[in-house]
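Every read-out reported here was derived from the displayed coordinates using simple, explicitly stated rules and does not represent laboratory data. In this text the structure is predicted, and so the values were computed from the model without any measurement. For neighbour counting, all protein chains shown are included, and Cβ atoms are generated from backbone atoms with ideal geometry for every residue, glycine included.
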Amino acid sequence: MNTRREFLSAAASAAVASAAANTTSKPISAKADTMILLWMAGGMAQTETFDPKRHTPFEPGLDPNRVLSTFKPIDTAVDNIKISEGLENIAKVMDRGTLIRSYQAGDLGFILHSRHQYHWHTGYAPPQSVAAPHLGAWISKALGPRHPDMPAFIDVGQSLEIGAESDSLKSFHTAGFLGTEYGPFFITNPEDAMAAVRPPAHISHERFAARYERYKKLLEAGGAAESGAQQQDALRRAVDNAHRLLTSPGAKAFDLSLEKKESIEKYGDTRFGRGCLLARRLTEAGARFIEVTTEYIPFRHWDTHENGHTRARVTKQMIDRPIAQLVLDLEERGLLNRTLIVVATEFGRDMIQEGKPDKPVKDQVKIPEKLQDLRQYGMHRHFTEAGSLLLFGGGVKNGHLYGVTADERPCKVVKDPIKIQDLHATLYHAMGIPANYGAEIEKRPFYVTKDGKGKAVTELFGA
Amino acid sequence: MTRCFASFVLFSTALLAADDNDTPTWRRMELRAPALPESSATHPVDRLLGAYFRSKQVTAAGSVTDAQFARRAYLDLWGLLPTPEQLAAFSADANPRKREALVDILLADGPRYADHWISFWNDHLRNDEGVVYHGERKSITPWLRPALEANLAYDKFLQALLNPASKSDPDGFLIGVNWRGDINASQTPEMQAAQNTAQVFMGINLKCNSCHDSFISRWKLKDAYGLATYFSAKPLEIHRCDAPTGQAAEAKFLYPELGGVAADAPLEVKRAETAKLFTKAENGRMPRVLVNRMWKMFFGRGITEPVDDMDARPWSPELLDWLAADFAANGYDLRKLMRRIMTSDAYAMQAWRDAESKPYVFRGPVPRRLSGEQFTDAIASITGEWRRLDPRQPGPATYARDWQIKSTALGRALGRPIRDQVITERVTAPTTLQALELVNGSTLATLLHRGAQRMLGELKPAPAPLFDSGQVTPGTKELIAADVDVAGRKKLWLVVQDVDSYDPARTEALWTETNLPGGRERIASGASSTNVLDVSGLDRFRAKVGLAESSKASDVNPRVRFFVFGEEPDPKQYLAVKGAPPVAVPPVLRNADALIDRVYRHALSRTPSAAERRAARAFGVTKPDGLEDLLWAVAMSPEFQYI
């Protein structure tokens, strides 16, 4: 097991990025041991969630330019923070975290979800000359598993076969050049998380155990113990480790049937709800990095190209209870202060503006001059100028608001803009990883933040 | 934009210009075959290695057995295990030169050779099956597979890739992997082409100096742009770390002494010139790079490492140059090169199992892991359970080698790369995550489960559909008519198969205008559904199938296939299959010892020892579950997974 001390001593030796000798990197004391990324896939509209603007109700003939938010704002547990109707549970826990309203997505030209997701998850925009590792893979490499029987990087809820964008998704749900050792352990369907750690459907536990015993005897009979080649020993060890993991008490963490009915209900009867509940169990069992996604499937969930108002209502319903419950459960168990929860999305949305106000890109949705049908009412365009994200636990300030956007369209960031490299530097900072941590590939240094230059926003941390 | 790597420590650089007496042989453009040392050995590789071993005071390891040799050769040339029948024939052959003869037989089979080596080239040319991005990317498989099958000479092969002048040429390679939207200046298609051609064909890494002068090599920013200009219709402006410099790039080949044209020459002229520069006889580096990659494929480690840095010192400059010169003299014939390597005693040496010494000394091949493709195809050939390609149109599936199918979780775990970049080296080390996929992943489990049943003759043949609609999507213009003879049948199975709808839960598939009585004229089904109908007394079943209007929304994006069956269908195989599998299906066996023998001979190219036979019997192999578990255990053994 990789301990934090081993890692930090490595970091202090200034050779973290083997060839990349940036001697200014100082060890950082970690604020969190675990990170949970709750991914709002498809571009969550900030004005319909955590950055509500003037509410304009629907009426036939409505001028779309008048529409900034299609929901009313509501009060939260924090005096100066209002969020959008439909997020009442999250509103109640807003005093346990920090709300960032000034995230500026990458300036990548024509908007493509998978490309922005790649950019968010790796810090680099494709194409790249080498395969960039996922945030979770870097954390896995830097810190190792927190518990030896729990994979360091667990990726919950994303099917990798979603039609046309499947390949684009696969290209960043990986450890990239770091190699499969640091790659994600996939739980595609959180409603059946046990499938990932139990024997294949047609093999009973007894048979599975017997198969392993017979396999060991068979190898022994073949004199495998004497073969001695290092590669071959490594293969045997890997098979042994897999069995240990699958049969360890830790594997029970994947079994949601062990939860009380009430706790399942508290998280809501949805895939995402189950994913959040699973994240709580995995955190308790010693996971290092968990991503739970609402799942990216083109035109579904947060990917609202039409009928945005209604779909935002439904999707908010899906995320509100589980996110709030996860915060409360971890708090109740005394784990929140050492667990960083991040709620994030690839970019924001707007009714009118596609891309950035200063650099508009090709519209992908036609907006009528007057809205006639409720289906035309909502945030149907991709907005990369401003987006919201939430941080809970992991040493971030409680009830804190960071960043401000204008109240009138185009609702630009007017204070404290934060871009991916500084956001990542902040998240890595919480985990005790310097922004210029990296690895060597083809004799070149490659860093967790672009060129190793991310600057953590340290004012987000503290009491 | 700030400078990249501002805090980076400068590395010392070895500067070199055109060949001179101080330039070590492997860095020269000139290529000359070194004289072969006096030796009792006849094979040139062995004569060179004999002298090498003497100088290193290494006693060469002995040769592998005939059976081990056959296993190596089949896997290296066809990517398949020798079958017990092939192995028996080879063992029985009294020809003293039968190893050489086997290599010739294997090399002569173009299709099987191509079905294995295409994976190597797909990695290096980052070509993949069915992989599409939003943005441009173009498969070169329709050119690549025939080029390999026909053993297109490597210089011609490069010329087609570098100068895709005719319609059948593989322009996908130069198009690159692009994503819609703005692209960093160092990743434009021209810069990708420069980086990839330099890396793959010349063993030169231009990635650093695509942004700025390299800190780790002699290559400059202007060198990357110099080569990129050859792939660009317009003159290029040099960008430093994504910022324009105002400086126009010259067309400059990596080794200008080989020639070149002006930057403003037409694209066709520039590409034609590039094709010449990379492949002309004076370019000695091109064959060195290729033979080094091949040596690595057959021995697990290059003569020069890393294989993308051909300025690094080879462990035998003489061997490298002799093979490269021989390759060039043989008209850049890839199969002749393989033959040359595989007929040496060196190829047949027992694997060196200890850790690598520093500096490296060649003591024999390194154990090589089966690739994901070899592993999956091996399981398929042992069990006869091959994967299939379903056509979009109505009609039967075809058997497929693993490379033909989009990568699975199993394949990716075993090192099949995501080919966003050129891949010159796969990561093959065993890891826990990979073992998890092998231990409880569904791809392998399903393959073994069905395979064991098949070997025991207990897998019922899947019934063929009476009707197959082909894939139906919102773009399918009209309802598709089914009209099936059902005379004498009691029951019909109406099946809808989901083929990756975005939202299967909201997909509604319709059987309409049926000739069924009693309110069954219209049957609405989900994306994955089976309706069993009583059709006693009916002569024909008629219906029209299609998608409900309500499910044609963009966020549902339904994609389904309709089938009618007269017998209970096999949900794993709705489609019939045409053609022969890549390897003859093994005979059905029911005797425990015969089964165990067969598994060992096929998987490991040997018979089991008495102790192994006892241990194998304990699985209860005459039952499908027991045989499945034995197959799994053998597949997990290092002996199976390493060559």
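Below is a table of values for the structure above.
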| quantity | calculated |
| --- | --- |
| Order of B:SER210, A:SER263 - criterion: other Cβ atoms within 10 Å of each residue's Cβ, fewest first | A:SER263, B:SER210 |
| FRET efficiency, 1/(1 + (r/R0)^6) with R0 25 Å, evaluated for B:THR65 and B:ARG97 via beta carbons | 0.90 |
| Alpha carbon centroid spacing (whole Å) that separates the range A:114-186 from the range B:236-263 | 35 Å |
| Rounded to the nearest 20 debye, dipole of the range B:182-266 from Cβ charges on Lys, Arg, Asp, Glu | 180 debye |
| Magnitude of the charge dipole, the range B:467-569, Cβ model with Lys/Arg +1 and Asp/Glu -1, debye to 20 | 160 debye |
| Spacing of the two label points (7 Å from each Cα toward its C-beta) at B:ASN21 and B:ALA580, in nm | 6.3 nm |
| Percent of beta bridges antiparallel (DSSP, the protein assembly as shown, rounded to nearest 5) | 70 percent |
| Pairwise centroid distance, computed over Cα atoms, of the range B:22-57 with the range B:491-543, Å | 72 Å |
| Listed residues B:MET455, A:TRP39, B:THR622: farthest to the positive end of the dipole of the protein assembly as shown (Cβ charges) | B:THR622 |
| B:SER551, A:SER248 arranged by Cβ crowding within 10 Å, fewest neighbours leading | A:SER248, B:SER551 |
| Cα shape, chain B, gyration tensor, a/c 1.5 rule | oblate |
| ³J(HN,Hα) computed for each position of the range A:96-107 - Karplus, 6.51 cos²θ - 1.76 cosθ + 1.60, integer Hz, glycine/proline x | 9, x, 10, 9, 9, 10, 10, 6, 10, 5, x, 9 |
| Partners for A:LYS82 among lysines (Cα-Cα distance below 27 Å; same-chain residues under 8 apart left out) | A:LYS53, A:LYS72, A:LYS92, A:LYS266, A:LYS316, A:LYS356, A:LYS397, A:LYS412, A:LYS415, A:LYS419 |
| Tensor-based shape of the range B:182-266 (alpha-carbon gyration tensor, a/c under 1.5 rounded, otherwise prolate or oblate) | rounded |
| Nonlocal amide H pairs with B:ARG363, under 5 Å, H built at 1.01 Å | none |
| Those lysines that a straight Cα-Cα span of less than 24 Å connects to B:LYS358, excepting residues fewer than 8 apart in one chain | A:LYS443, B:LYS56, B:LYS296 |
| Label-point gap, in nm, between A:VAL130 and A:ALA463 - each point 7 angstrom along Cα→Cβ | 4.4 nm |
| Selection from A:ILE441, A:GLY275, A:LEU62 lying farthest towards where the dipole of chain A points positive, charges on Cβ | A:ILE441 |
| Amide proton proximity set for A:ILE83, modelled H, under 5 Å, gap of 5+ | A:ILE74, A:THR76 |
| 0 to 90° range, to nearest 10: angle between helix B:267-279 axis and chain B longest Cα axis | 70 degrees |
| Chain A, dipole about Cα centre (Lys/Arg Cβ +1, Asp/Glu Cβ -1), debye to the nearest 20 | 560 debye |
| Likely footprinting exposure, B:MET636, A:MET194, fewest C-beta neighbours within 10 Å first | A:MET194, B:MET636 |
| Mean separation of Cα contacts under 8 Å, 6 or more apart, over the residue count of the range B:182-266: relative contact order % | 24 percent |
| Under 5 Å, built H, 5+ apart or other chain: amide partners of B:ALA397 | B:ALA576, B:VAL577, B:LYS578 |
| In the range B:329-381, chymotrypsin sites (Phe, Trp or Tyr not before Pro) in a DSSP loop with at most 14 other beta-carbon atoms within 10 Å | B:TYR360 |
| Whole-Å distance, taken between Cα centres, linking the range A:357-408 and the range B:101-180 | 45 Å |
| Residue pairs, from the table A:LYS141/A:LYS261; A:LYS217/A:LYS261; A:LYS359/B:LYS234; A:LYS362/B:LYS234; A:LYS141/B:LYS572; B:LYS98/B:LYS578, whose Cα atoms sit over 31 Å apart | A:LYS141/A:LYS261; A:LYS217/A:LYS261; A:LYS141/B:LYS572; B:LYS98/B:LYS578 |
| Sparse-neighbourhood loop sites, chymotrypsin sites (Phe, Trp or Tyr not before Pro) in the range B:174-249 - DSSP loop, at most 15 other Cβ within 10 angstrom | none |
| Lysine pair number, Cα distance threshold 23 Å (strictly under), the range B:467-569, separation 8 or more or different chains | 5 |
| Anchor A:LYS216: lysines whose Cα lies under 21 Å away (excluding residues fewer than 8 positions away in-chain) | B:LYS623 |
| The range A:133-199 shape via C-alpha gyration tensor axes, a/c threshold 1.5 | oblate |
| Helix axis angle, A:271-284 relative to chain A longest principal axis, alpha carbon, degrees | 50 degrees |
| Helical contribution to [θ] at 222 nm, DSSP H n ≥ 4, -39,500 (n - 2.57), averaged over chain B, rounded to 500 | -10500 deg cm²/dmol |
| Net charge over other residues, Cβ less than 13 angstrom from the Cβ of B:ALA249 (K, R count +1; D, E count -1) | +1 |
| Chain A: relative contact order as a whole-number percent, Cα under 8 Å and 6+ apart | 30 percent |
| Over the range A:217-371, relative contact order from alpha-carbon pairs under 8 Å, at least 6 apart, % | 17 percent |
